[in-house]
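Presented below is the structure to which this report refers.
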Amino acid sequence: MASIVEEYTRRWARVSLSQGLAVLQIAISLVLVIAAGLFVRTLTNLNSVALGFNRENLLLVTLNARQAGYKDQALVPFYEDLLR
């Protein structure tokens, strides 16, 4: 009789563990889907915010004077000249 109870307890533990892991996986997946939806909604809201200037025909430029060969001493005059 004791061995039957032990076997039943082991089976229950395996089933409970596998069901618990499945529920945990579903819960984490649900949280991730909700977070992704909120992130997309936030990006949509940010895209619709008026920036205070016309975004059409706007050119963005990134400049790195170090890649162009300017060293420490020449960087400040370069950027000052660029601003002028």
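Carbon-plus-sulfur fraction of the accessible area of the range 14-84, 1.4 Å probe, in percent?
Taking all protein chains in place, the range 14-84 shows 64 percent carbon and sulfur surface.
Please give the contour-minus-distance gain from residue 54 to residue 39: 0.36 nm per residue of separation, less the Cα-Cα distance, rounded to one decimal in nm.
Gain in length upon complete extension: 2.9 nm.
The values are calculated or read from the model by the stated rules, or taken from the named source; none is laboratory data. The model shown is predicted, which means the values in this text are computed figures rather than measured ones. Please note that ligands, DNA and RNA were not included when accessible areas were found on the heavy atoms of the full protein model with its side chains. Shrake-Rupley method; radii C 1.70, N 1.55, O 1.52, S 1.80 Å.
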